[in-house]
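The values are calculated or read from the model by the stated rules, or taken from the named source; none is laboratory data. Treat the numbers as computed from the prediction; the structure is a model and nothing was measured. Note: ideal-geometry Cβ built from the backbone for every residue, glycine included; neighbour counts use all protein chains shown. The area values use the complete protein model at the heavy-atom level, side chains included, leaving out ligands, DNA and RNA. Shrake-Rupley method; radii C 1.70, N 1.55, O 1.52, S 1.80 Å.
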Amino acid sequence: MTTKNEKTVLARLKKMKRAELLFIMEQLLERKPDITPLMELLIELPSSPTNQQEKASSTSDKRTLDLVKIQMQVRTIIRSAIRRGSMESAYWAAAELGQVCEIGDSFADVGQWADAQAVYATVAEETITAYEALEDECQVAEVVDGCAHGLVLCLDTQRELPSHKQLDASNRKELLSSLFNIWQFEHDYGGITVDVADAVVRNVYDDERTWLEEWLQQKVKPDPDAQWSNRGILSFLARLTEKTLDI
């Protein structure tokens with residue numbers, strides 16, 4: 001919540017000219033160089049709902065953000081949390097990663113689905129890759145869950161868009177792959193509240209089904225002790241083959 005003092009400062013900043021604002025930013029960066037990564041991250045935020053909605057009308061299927069900056073920030077957060085190695089590090093990491101995930105929310109709010117998908121996928125995949133090194137007690141898993149909800153929203157929304165505004169085949173495959181990775185995370189660690197399998201089943205196109213089936217079949221283990229693990233995979237496979245959509 002914005003305090004009274006912060007509102008006063010914001011009101012004064014809104015009245016300042018561009019050159020004056022740039023001078024203040026230069027002073028901040030000079031005196032607090034550690035905020036540079038945060039500034040780079042905030043630059044990626046949609047600056048004006050009105051302008052971004054107009055932009056989204058023609059670019060909802062195209063990425064406009066610098067994904068490398070998002071990726072670098074996520075990795076920096078994770079490395080810092082691992083170095084801390086304390087019980088509080090997971091809380092700190094979850095808070096920081098959650099702020100990055102909110103950038104995806106900002107893009108989703110104005111209909112820039114390709115950008116939203118890229119942010120959610122990056123946060124989720126980088127976090128999942130390093131998950132075992134984080135001393136998490138559900139806080140970091142909640143961030144992955146938030147990304148899962150965002151990615152499901154991206155996927156569900158595609159059905160409502162005209163064809164020229166939908167994600168292209170490459171981005172759709174990346175989106176589905178991200179959801180599969182999150183489904184696997186849920187399978188291994190838990191903590192995901194959205195039914196990822198259901199979201200995939202109700203949205204998958206017929207021409208996507210083959211590689212999705214192959215991906216799942218590769219996860220089936222021949223080990224008799226893996227019976228419980230295989231049951232979830234085979235259930236997903238069965239649901240996937242029962243229902244597909246035509247393009």
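Worth pointing out:
- Qualifying residue in the stretch 174-190 (condition: over 26 Å from V140 (Cβ atoms), of a type in the set (D, E, K, R) and touching a residue at least 12 places away in the same chain (Cβ under 8 Å)): no
- Within the stretch 104-129, the set of residues being open to solvent by 20 Å² or more (accessible area, probe 1.4 Å) and closer than 20 Å to T76 by Cα comprises E125, E126, I128, T129.
- Any hit, the stretch 135-147, residues being part of a helix (DSSP H, G or I), out of contact with any Ser or Thr (no Cβ under 8 Å at 6 or more places or on another chain) and touching a residue at least 60 places away in the same chain (Cβ under 8 Å): no
- Taken over the stretch 192-243, the criterion of being touching a residue at least 40 places away in the same chain (Cβ under 8 Å), open to solvent by 70 Å² or more (accessible area, probe 1.4 Å) and of a type in the set (S, T, Y) is satisfied by T193 alone.
- Filter result for T157 (over 9 Å from the mean Cα position of the chain (by Cα), open to solvent by 20 Å² or more (accessible area, probe 1.4 Å) and either under 19 Å from N203 (Cβ atoms) or without any contact (Cβ under 8 Å) to a residue 40 or more places away in the chain (or both)): no
- Residue, modelled with the lowest pLDDT, within the stretch 186-243, restricted to residues that are over 26 Å from the mean Cα position of the chain (by Cα) and outside any helix (DSSP H, G or I): K243
- Selection count where residues are charged (D, E, K, R) and open to solvent by less than 60 Å² (accessible area, probe 1.4 Å), scope the stretch 166-182: 1
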